[in-house]
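Down below is the structure, laid out as structure tokens.
Readers should treat all values here as calculations from the given coordinates under stated rules, not as data from a laboratory. Values in this document were obtained by computation on a predicted structure and should not be read as measured data. Here the Cβ is made from the backbone with ideal geometry for all residues, glycine too, and neighbour counts use every protein chain on show.
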Amino acid sequence: MNDIINIIQDNWELLLVGQYPHGPIGGLAVTLFLSLVGIVLAFPLGVVLALCRLSPFRFLSWPATAIVYVVRGVPLIMFIFWTYFIVPQILGRPVAGITTMLVTLVIYQSAYLAEIVRAGMQGLPFGQTEAARAIGLSYMQTTFKVLLPQAIYNMVPAIISQFVSSIKDTALGYVISVNELTFAASQINANLLTMPFQVYILLASIYFVICALLTQLARYLERRIALRRAGKAGASAAVASAMQQANV
Amino acid sequence: MNNAMDKTTNNGAPMISFRGVHKWYGEYHALNDINATVGKGEVIVVCGPSGSGKSTLIRTVNRLEPIQKGHIEFDGQDVCSPNLDINKFRSHVGFVFQSFNLFPHLSVTENIELAPVTVLGEKRNSARERALKLLERVGLASKASAYPGQLSGGQQQRVAIARALAMNPPAILFDEPTSALDPEMVGEVLQVMKQLAREGMTMMCVTHEMNFAREVADRVWFMDHGVLIESDTPEEFFRNPKSERAQRFLNDLRSH
């Protein structure tokens, strides 16, 4: 235990931000940057993919379905290799590891988010579509004003757990030398040489604490949403006011 | 009450007309040669045993259900025409569902102003003003900023009626509007519907509320197995049903 505390005392900067400000930023900062920016960029793509998959037009639904199937059917690490070797060829210049990782994560996560959004849309009662069409809303208006907001709201817990898994996924950046948390830990391990167990326990704990906190948040939101669906006044009033603020 | 005839004849063209309407679900003949008209300002109650095609019939009017044969006209428009701007058309046909189908992510007011703002491009301020007036009309002015999940079933259905009214429809279709309600909430919804009828709204209403039919309807349509068997004034229908099937249906209702 003392060893671990010593490791933290000696290396907390490296773990948090890498060599920044004297060198490239790294560590937990890059891990969180990759996962957060990754999911933020992947989200609109995932929505587009989901809407294409649900579209009555085959020229939209078939390619989207193919993309989702292929991406979900391939291990992430293979995807990382693909991007690592192919993107520089296409662009004709070398690409930073962090960019490669971000691009890969965005594509990968968008396929999973697409399935979450699609499930959310299909889980809504058909009466919602009928009511929207009956008051004269078009297909697109029905999708964007009635179905999508509900689907996304209901899927917030699933989206957060996707975020959690994307945090863990960033660790794979290690294989293409992305300067993230796992990379930082392995640098520390290479310096110390004698304490791999302590270093990697520390690494595991950091991932675990962040992911556990986010999972708790997802569970809390899940309960709130369940309460609101059941029409419990207190919960729904709170959520309602939150949503109103969001609307403003 | 002899005004059923008067209404159809006085106002010339009917509000809704069915001519030789057929609908099949696969092999199943859901609507079989429906010929009928709803006059302007008329209140029609459609009744019949479950599976008789009542809901299907009123859902054909705004093309929630397509038909395979025949013609339907609504306010002079050919409902089945391929050239019909279906969204614009539907926005003029009020429709109230059995299960309310309010949008749970929108407040009561937002539910009502959604179509006026989105479909007609009305300014939000004026749409809101009208929404509040409509809420007053259905007795829910105090619930303007509530969300549907916070309302009782009866209140939700009244909001749904206000939502339908927001587009100033020339007629409103009701698909079993009180069937999903607890008994103590049926009255408040029927009250609103009676008010509408008194104000001269054309209404076509699938319902099992026979007292409502007696009190408000100009005519009762009785359906069975996709066929429109009787169309009569409520007095005549309840006192003296002509078909054996209608007699059996009324007996079953009374024995409850």
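Summary of values
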| read-out | value |
| --- | --- |
| Given charges at Cβ of Lys, Arg, Asp, Glu: region A:2-247 dipole, positive-most of A:I25, A:Q128, A:I39 | A:Q128 |
| Nearest-20 debye value, region B:184-256 charge dipole, Cβ charges on Lys, Arg, Asp, Glu | 140 debye |
| In sequence order, calculated HN-Hα J values of region B:44-61 (Karplus, 6.51, -1.76, 1.60; Hz; x Gly/Pro) | 10, 9, 9, 10, x, x, 5, x, 7, x, 4, 5, 4, 4, 6, 6, 6, 5 |
| Cβ crowding within 10 Å averaged over residues, with A:74-86, B:69-81 ranked highest first | B:69-81, A:74-86 |
| Along principal axes, Cα extents of region A:2-247, largest first, whole Å | 69, 50, 29 |
| Region A:94-150-region B:72-140 distance, computed between alpha-carbon centres (Å) | 25 Å |
| Average beta-carbon neighbours from other chains, 10 Å sphere, peptide B:103-110 | 6 |
| Pairs from B:K40/B:K194; B:K23/B:K54; B:K123/B:K194 whose Cα-Cα separation, in the structure shown, is over 21 Å | B:K123/B:K194 |
| Value of [θ]222 nm, deg cm²/dmol, for chain A, DSSP H segments ≥ 4, -39500 (n - 2.57) each, nearest 500 | -26000 deg cm²/dmol |
| Note, ³J(HN,Hα) from phi for region A:158-169, Karplus 6.51, -1.76, 1.60, rounded to Hz, x at Gly and Pro | 5, 5, 5, 5, 5, 4, 4, 5, 6, 4, 5, 5 |
| Region B:44-121: C-alpha gyration tensor shape, a/c 1.5 cut-off, then a/b vs b/c | oblate |
| Sequence-distant residues sharing a close amide H with B:C80 (under 5 Å, placed H) | B:I72 |
| Cβ neighbours within 10 Å from other chains - mean over B:144-151 | 5 |
| Nearest 10 degrees, 0 to 90: helix B:183-198 Cα axis against chain B principal axis | 90 degrees |
| Folded to 0 to 90 degrees: helix B:244-254 orientation relative to chain B principal axis, Cα | 50 degrees |
| Highest to lowest packing among B:124-130, B:135-141, B:157-163, scored as the average C-beta count within 10 Å | B:157-163, B:135-141, B:124-130 |
| Total charge dipole magnitude, region B:4-135, about the Cα centre, Cβ charges on Lys, Arg, Asp, Glu only, Debye to nearest 20 | 200 debye |
| Among A:38-44, B:172-178, the order from most to least packed when residues are scored by Cβ within 10 Å on average | B:172-178, A:38-44 |
| Share antiparallel - DSSP beta bridges, the protein assembly as shown, percent rounded to 5 | 55 percent |
| Per-pair calculated FRET efficiency, R0 = 51 Å: A:S165 and B:S179 via Cβ, rounded to 0.05 | 0.70 |
| Average partner coverage of B:89-98, which counts Cβ from other chains inside 10 Å | 3 |
| Ellipsoid equivalent to the protein assembly as shown - semi-axes via the Cα gyration tensor, in Å | 61, 24, 19 |
| Dipole-positive endmost among B:P14, B:L132, B:A115 within region B:1-153 (Cβ charges, Cα centre) | B:L132 |
| Cα long-axis angle, helix A:27-54 against chain A (0 to 90 degrees, to the nearest 10) | 30 degrees |
| Long-range amide H partners of B:D224 with built H, under 5 Å | B:I229 |
| Dipole magnitude (debye, nearest 20) for the protein assembly as shown, charges at Cβ of Lys, Arg, Asp, Glu | 340 debye |
| Antiparallel bridge percentage (DSSP; both residues within chain B; nearest 5) | 55 percent |
| Cα centroid separation - region A:161-202 against region B:163-226, whole Å | 67 Å |
| Residue-by-residue Karplus 3J(HN,Hα) for region A:15-26, coefficients 6.51, -1.76, 1.60, Hz, glycine and proline x | 5, 7, 10, x, 7, 4, x, 8, x, x, 6, x |
| Amide H partners (placed H, <5 Å) of B:V46, local residues excluded | B:C205, B:V206, B:T207, B:W221 |
